[in-house]
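Quick notes on the structure that follows.
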Amino acid sequence: MAVKYFAKKPINHKGTHYRPGDEITGFTGWWRYWQYLRYARVNKVDTAAAPVITLITPTDHTLTLTVTSVEVGGDPFINFEYKLDNGSWTPFNPVDTDTPFVITGLTNGVTYAVTVRADNAAGVGATSNSVSSTPVTLPSPPTALTSTAVDTAASIAFEEGDNGGSAFTDYEYQIDDGEWISGETDVTPVQFIGLEAGTEYSVVLRAKTLIGYSTASDACVFTTADIPDAPTTLQSIRGNTTASIIFVAGADNGGTITDYEYRVGGGDWVSGATDASPVSVTGLVNGVEVTITLRAVNFVGNSPASAGVTVVPATTPGPPTGLTPTPGNTTASIAFTGGINGGALITNYEYKVDDGEWTLFSPPDVETPLVVTGLTNGVEVDIILRAINDVGPGTASDPCAVTPSL
């Protein structure tokens, strides 16, 4: 250790006057002995021995050192200095000579090797042992939570916060102020199950490290998916052994509708093979009234059945057959056998003479025979018939030839 001498009282040495506190240079031999030991006019000061770091405590951007007492060396400490890794010595500012010592301004998550030494009037003391530690703090909470919910499960994606210098070990979630539950993951997203379909939930997350837990995140509110609502306002459009059902879709309740099913009467449910209006129903019998109901389908399940809508499938009538003419005076009476009505009541017939226009019987007539007027006696014509229902004109019959006469 280095040794220095300082005047305790006014003293002259080798022609130099020293006031109390001045360092005496060239202080050797018998005179030093005489003044130092006999008259106690001089302080002998050694540099401090090496301190010992017995404890280092990491906190937020900070390391706190507990140091054992060191041999003063004959004079009080002026200050302590510290060194990080292989850096420069830095005196504590403000001056600090009492343990524990606090080193601030560090980076969380970075490991530092720390040494200290004491300063006194004799100079800098010996260097302490080296102790390593890593500043840390509690993690920051996750942010920007977004949910993806199904019927009985959900997934919460998030942006991670600062880990405080210690690696994340878990993310926990809390549902509606319940118990904290491990998400069993240290990365986004957090997934959980056991929810109820069609239910609103409020979920918060917190991060976990070896240091502890973050505060809770902002809440993420979502509603789990449920079966869809039933279709409404059904309207039917009849077809030939078919029906087209127009409807207003109900809410999907968080699950995209993938199909609409129909049921005829009390029969089985059948896929409509569509996810939008209308639904086409096939396999019906013309002229037979049926009641049709619909239901929507999503990944959760089926909606309740809609209110029913009735329909009577129909098509245009079949052709009359077996036309048998009886000539008259500028007329012809045509007997025939009526064809199928197509599922709807026949309301009239119309006829065509040769290649002329179709002409409705007026007043309407649906009974055999039918009388065609306005012909020319002695002129042979071909007459064809067709039936009409509320769907439209049916198929024309085969022609029959007739020559009107008196």
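Here is the figure for region 210-247: residues that are under 30 Å from residue 166 (Cα atoms) and either aromatic (Phe, Trp, Tyr) or out of contact with any strand residue (DSSP E or B) (no Cβ under 6 Å at 6 or more places or on another chain) (or both) total 6. If you go through region 310-340 and pick out every residue that is assigned to a loop (DSSP other than H, G, I, E, B) and free of Cβ contacts under 8 Å to residues at least 24 places away in the same chain, you end up with 1.
When the residues of region 75-127 are filtered to those that are assigned to a strand (DSSP E or B) and among the acidic types (Asp, Glu), the one that is modelled with the highest pLDDT is 81. Scanning region 284-309 for residues that are among the β-branched types (Val, Ile, Thr), crowded, with 18+ Cβ neighbours inside 10 Å and part of a loop (DSSP other than H, G, I, E, B) gives a single hit, 300. For region 154-167, indicate whether the set of residues that are touching an Asp or Glu at 6+ places or on another chain (Cβ under 8 Å), assigned by TED's automatic domain parsing to the domain that holds residue 218 and more than 22 Å from residue 208 (Cβ to Cβ) is non-empty. No, because not a single residue in region 154-167 is touching an Asp or Glu at 6+ places or on another chain (Cβ under 8 Å), assigned by TED's automatic domain parsing to the domain that holds residue 218 and more than 22 Å from residue 208 (Cβ to Cβ).
Quick one: is residue 141 in contact (Cβ under 8 Å) with a residue 60 or more places away in the chain and out of contact with any helix residue (DSSP H, G or I) (no Cβ under 9 Å at 6 or more places or on another chain)? Judged against the criteria, residue 141 is a match. Of all the residues in region 367-406, those that are of a type in the set (Val, Ile, Thr), surrounded by fewer than 16 Cβ atoms within 10 Å (Cβ to Cβ) and touching a strand residue (DSSP E or B) at 6+ places or on another chain (Cβ under 7 Å) number 4.
The residue that is modelled with the lowest pLDDT, counting only those in region 344-355 that are within 16 Å of residue 398 (Cβ to Cβ) and part of a loop (DSSP other than H, G, I, E, B), is 355.
When each of 270, 285 is tested for being out of contact with any Pro (no Cβ under 9 Å at 6 or more places or on another chain), more than 20 Å from residue 226 (Cα to Cα) and of a type outside the set (D, E, K, R), the lone residue that passes is 270. Being more than 30 Å from residue 235 (Cα to Cα), surrounded by 14 or more Cβ atoms within 10 Å (Cβ to Cβ) and among the hydrophobic types (A, V, I, L, M, F, W, C) is a description that applies to residue 334.
The rows are residues; the columns are (1) within 26 Å of residue 314 (Cα to Cα); (2) modelled with pLDDT of 95 or more; (3) in contact with a helix residue (DSSP H, G or I) (Cβ under 9 Å, 6 or more places away or on another chain).
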position	(1), (2), (3)
251	no, yes, no
255	no, no, no
258	no, yes, no
280	yes, yes, no
285	yes, yes, no
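With respect to residue 203, is the statement that it is in contact with a Leu (Cβ under 7 Å, 6 or more places away or on another chain) and in a strand (DSSP E or B) true? When the stated conditions are applied, residue 203 does not pass them. Across region 341-374, the number of residues qualifying as of a type in the set (A, V, I, L, M, F, W, C) and either assigned by TED's automatic domain parsing to the domain that holds residue 285 or in contact (Cβ under 8 Å) with a residue 40 or more places away in the chain (or both) comes to 5.
Residue by residue, here is whether (1) at pLDDT 70 or above; (2) among the hydroxyl-bearing types (Ser, Thr, Tyr); (3) out of contact with any strand residue (DSSP E or B) (no Cβ under 7 Å at 6 or more places or on another chain) holds:
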{"site": "35", "(1), (2), (3)": "no, no, no"}
{"site": "38", "(1), (2), (3)": "no, no, yes"}
{"site": "41", "(1), (2), (3)": "no, no, no"}
{"site": "48", "(1), (2), (3)": "yes, no, no"}
{"site": "54", "(1), (2), (3)": "yes, yes, no"}
{"site": "57", "(1), (2), (3)": "yes, yes, no"}
{"site": "65", "(1), (2), (3)": "yes, no, no"}
{"site": "68", "(1), (2), (3)": "yes, yes, no"}
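The values are calculated or read from the model by the stated rules, or taken from the named source; none is laboratory data. Since the model is a prediction, treat every value here as computed from it, not as a measurement. When we count neighbours, we look across all protein chains shown, and the Cβ atoms used for this are built from the backbone with ideal geometry, even at glycine.
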